[in-house]
Amino acid sequence: MATDYDEVRSDVRESQDNSLQALHSANAPDARSVVRELDEADGLDDGAVPGGEFVAEELVVQVIPQAVDEFTCYSCFLVRHRSQIAKEKNGHAFCVDCEG
């Protein structure tokens, strides 16, 4: 008699059925209550950093405009010096790193 080794053994099938029934009968929380709890928890995190301190200062960054001798690579979007142009295609410049 041939044996089908791909078929699930009866003891494994029974344990799978039992665990599925246990999941269905478990007192799982309602999806809406879980979302509500997560939203409430997110509301408490405003301004907190991992150390538990509150930081109330703004980050001030000086933005320097692109110089005349610089270009923005169309592939990696980094601002590079004109000496790093590898090719220009359809009015777009590509740097040496992206075309190298």
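What follows is calculated from the coordinates using simple rules that are stated; it is not laboratory data. Not measured: the values here are computed from a predicted model. Here the Cβ is made from the backbone with ideal geometry for all residues, glycine too, and neighbour counts use every protein chain on show.
Please give the peptides 86-94, 2-10, 70-78 ranked by average Cβ packing (other Cβ atoms within 10 Å per residue), highest first, as a rough proxy for protection. The partial results should precede the final answer.
On the way: 86-94: 12.0, 2-10: 6.9, 70-78: 14.0.
For the peptides 86-94, 2-10, 70-78, the packing ranking is 70-78, 86-94, 2-10.
Taking amide H positions as placed in the peptide plane 1.01 Å from N, state which residues far from residue 93 in sequence (5 or more) or on other chains have amide H under 5 Å from it.
Placed amide hydrogens put 74 under 5 Å from residue 93.
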